[in-house]
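Heads up, the thing below is written out as structure tokens.
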Amino acid sequence: MKKKILITGSSGLIGSEVCKHFAGLGWQIYGIDNNQRSVFFGAQGDTRWNQARLQETIPSFTHFEIDIRDRDGIIKLIAAVKPDAIVHTAAQPSHDRAAAIPFQDFDTNAVGTFNLLEATRQYSTSIPFVHLSTNKVYGDAPNEIEMVELEKRYDYADVIYAHGIPESFRIDQTKHSLFGSSKVSADISVQEYGRYFGMPTVCLRGGCLTGPSHSGVELHGFLSYLIKCNLEEKEYTVFGYKGKQVRDNIHSYDVARFIEEFIAAPG
Ligand SMILES: NC(=O)c1ccc[n+]([C@@H]2O[C@H](COP(=O)([O-])OP(=O)(O)OC[C@H]3O[C@@H](n4cnc5c(N)ncnc54)[C@H](O)[C@@H]3O)[C@@H](O)[C@H]2O)c1
């Protein structure tokens with residue numbers, strides 16, 4: 001019998017990549033997405049094209065039009081699907097948008113994640129639960145690290161950060177934006193379900209993630225949006241840092257590969 005994976009935010013950048021990846025590994029795919037990205041960002045953020053692509057190209061894919069804020073709906077769905085693993089990528093993903101829609105942001109990121117955690121626990125405490133967190137949990141604190149200006153980019157002055165910011169970096173006593181604070185809440189809840197109930201949970205604190213399936217908008221998904229502006233010959237605005245590179249990008253395929261490794265051996 002095929003293994004079953006439940007993926008929230010399945011029409012988004014990371015969710016759709018994980019759907020495709022696990023379908024390729026022979027899993028049965030169950031996706032949750034209600035196209036909330038188009039509510040957050042308007043028509044440019046519409047993810048229906050990606051949902052349709054998954055439905056057309058993955059025979060083992062089933063779509064559920066459920067809002068992760070719908071607590072009872074999520075509890076019933078997880079109990080009915082009985083997944084072998086859960087990957088949670090649905091979110092309100094933008095700092096700037098969060099300040100304009102604080103209730104939607106918190107209800108989606110913090111409460112939606114909590115709904116999924118508790119619904120998972122009620123079904124099983126032994127299935128892997130992968131949460132897409134964010135490096136914004138560190139708030140502004142990384143800006144205190146000394147940087148050097150290079151020709152095309154900024155880099156950390158101290159080699160101890162050569163591999164990035166460690167997970168032991170502080171997450172409090174810093175300004176996060178409302179988005180950052182709702183994601184901290186989710187991140188801590190995911191860790192707590194791991195520690196308190198012994199569930200195999202993990203938080204992935206990515207920085208800039210990119211890939212072919214992003215519905216890029218100015219406020220989120222900058223590489224996708226940059227390419228879109230280029231193709232449509234629209235003006236692209238560069239904000240700050242003299243236009244130099246300040247962040248690395250991780251491809252959604254690499255995120256999916258890591259998730260595969262974690263689910264194979266959560267520990
Ligand atoms: N893209 C990045 O650069 C980046 C960086 C760091 C962390 N992350 C995190 O990774 C995760 C995935 O990001 P992404 O870039 O794939 O985002 P995305 O917006 O492309 O995908 C998220 C999907 O979730 C859906 N969704 C949102 N709210 C929902 C709700 N209430 N119910 C059901 N579905 C809902 C949206 O419609 C969208 O299709 C998020 O948690 C985000 O915070 C992303």
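Laboratory data are not the source of any read-out in this text; all were calculated from the coordinates shown. The shown structure was predicted, so the numbers you read here are calculated from the model rather than taken from an experiment. Cβ atoms come from the backbone with ideal geometry, glycine included; neighbour counts cover every protein chain shown.
Please tell me the relative contact order of the stretch 128-211 in percent, rounded to the nearest whole number, where contacts are Cα pairs under 8 Å and at least six residues apart.
Details: 98 pairs, mean separation 42.1, N = 84.
Relative CO of the stretch 128-211 lands at 50 percent.
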Compute the distance in nm between two label points, each set 7 Å from the Cα along the Cα-to-Cβ direction, one at residue 253 and one at residue 208. 2.0 nm
With a point put 7 Å past each Cα toward its Cβ, work out how far residue 244 is from residue 174 in nm, to one decimal. 2.1 nm
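When the dipole is taken about the Cα centre of the chain, and only Lys, Arg (+1) and Asp, Glu (-1) are charged at their Cβ, what size is it in debye, to the nearest 20? Walk me through the intermediate numbers first.
Values: 27 positive and 32 negative charges, 125 e Å.
Computed about the Cα centre, the dipole is about 600 debye.
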Figure the gain on full extension for residue 235 and residue 56 (residue separation times 0.36 nm, minus the Cα-Cα span) and round it to one decimal in nm. 61.1 nm
May I ask which residue of 156, 197, 57 lies farthest towards the positive end of the charge dipole of the chain, with charges of +1 (Lys, Arg) and -1 (Asp, Glu) on Cβ and the Cα centre as origin? 57
Using packing as a proxy for protection, rank 11-18, 256-263, 195-202, 157-164 so that the peptide with the highest average count of other Cβ atoms within 10 Å comes first. 11-18, 256-263, 195-202, 157-164
Listing 95, 88, 176 by rising number of other beta-carbon atoms within 10 angstrom, fewest first, gives 95, 176, 88
Using R₀ = 22 Å, calculate the FRET efficiency as 1/(1 + (r/R₀)^6) where r is the Cβ-Cβ separation of residue 122 and residue 265; round to 0.05. 0.30
Given charges at Cβ of Lys, Arg, Asp, Glu: the chain dipole, positive-most of 113, 138, 29: 29
Order 214-227, 239-252 from most to least packed using the mean count of other Cβ atoms within 10 Å. 214-227, 239-252
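Within a 10 angstrom radius of the beta carbon, how do 49, 27 rank from fewest other beta carbons to most? Walk me through the numbers before you get to the answer.
On the way: 49 10, 27 21.
Lowest to highest Cβ neighbour count: 49, 27.
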Multiply the residue gap between residue 72 and residue 153 by 0.36 nm, knock off their C-alpha separation, and tell me the result in nm, one decimal place. 24.4 nm
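In percent, what relative contact order does the chain have, based on Cα pairs under 8 Å that are 6 or more apart in sequence?
Working: 459 pairs, mean separation 56.5, N = 267.
It comes to 21 percent, rounded to a whole number.
Run the numbers for residue 192 and residue 162: contour at 0.36 nm per residue of separation, minus the present Cα-Cα distance, in nm. Don't skip to the answer; put the middle values down first.
Working: separation 30, 0.36 × 30 = 10.80 nm, distance 2.92 nm.
So the chain would gain 7.9 nm between residue 192 and residue 162.
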